[in-house]
Amino acid sequence: MKKNNIESEEDFKEQAVQIDDLDRKILKLITNNARVPFLEVARECGVSGAAIHQRVQRLISMGVVTGSEFIVSPSRMGYNTTAFMGIYLEKTSFDKKVLKQLKDIPEVVECHHTTGQYAIFIKIQTKTNKHLMKIIDTDLQAIDGIARTETFISLEQDFKRQIPIK
């Protein structure tokens with residue numbers, strides 16, 4: 001709750017932080033290749049490796065960079081069907097209960113609260129269409145609080161990218 005027009009801590013966290021041109025250049029390089037050595041970034045930026053290390057640590061502490069990870073290719077692991085599902089809830093009060101149960105389904109890889117017709121929108125990775133049907137029929141439709149769902153199968157992902165660094 002806001003008091004005297006003062007923003008809450010949560011509102012403050014969501015505001016954009018101020019970064020300079022060196023930070024932007026570093027972000028462009030490390031988001032293009034998270035495994036690029038800091039010394040290579042330093043050479044590109046014309047500063048020391050220690051300066052890059054300090055800048056990256058500062059970007060992490062500010063929440064600009066939220067981690068690094070190895071991305072597993074779903075198709076290389078046999079997960080060839082990607083689907084998106086809009087979920088209608090019986091009541092909005094079922095939200096937390098439904099989310100808890102969605103987290104227990106490993107094939108649900110993303111979950112978003114949305115505006116519009118769906119209360120929740122999820123991304124599901126399955127091995128086949130039959131596997132997807134099983135997840136829908138046995139796992140998702142069994143969750144108390146879900147009124148109904150609408151499923152969209154992705155035929156192909158054309159691209160996925162980070163936000164632009166300007």
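Does Ile124 satisfy the criteria of being over 24 Å from Ile71 (Cβ atoms), of a type outside the set (Gly, Ala, Ser), outside the structural domain of Asp23 (by TED's automatic domain parsing) and touching a Leu at 6+ places or on another chain (Cβ under 8 Å)?
Judged against the criteria, Ile124 is not a match.
Within region 143-166, the set of residues being assigned to a loop (DSSP other than H, G, I, E, B) and under 13 Å from Ile122 (Cβ atoms) comprises just one member, Ile143.
From the residues in region 72-106 that are in contact with a helix residue (DSSP H, G or I) (Cβ under 8 Å, 6 or more places away or on another chain) and assigned to a strand (DSSP E or B), which one is farthest from Pro164 (Cα to Cα)? Result: Leu89. Of the candidates Val72, Val65, Val108, Val98, the single residue that is closer than 30 Å to Asp23 by Cβ and either among the hydroxyl-bearing types (Ser, Thr, Tyr) or touching a residue at least 12 places away in the same chain (Cβ under 8 Å) (or both) is Val65. Of all residues in region 33-71, those being under 27 Å from Gln15 (Cβ atoms) and out of contact with any helix residue (DSSP H, G or I) (no Cβ under 6 Å at 6 or more places or on another chain) number 16.
The values are calculated or read from the model by the stated rules, or taken from the named source; none is laboratory data. Treat the numbers as computed from the prediction; the structure is a model and nothing was measured. A quick note on method: Cβ atoms are made from the backbone with ideal geometry, for glycine too, and the neighbour counts reach across all protein chains shown.
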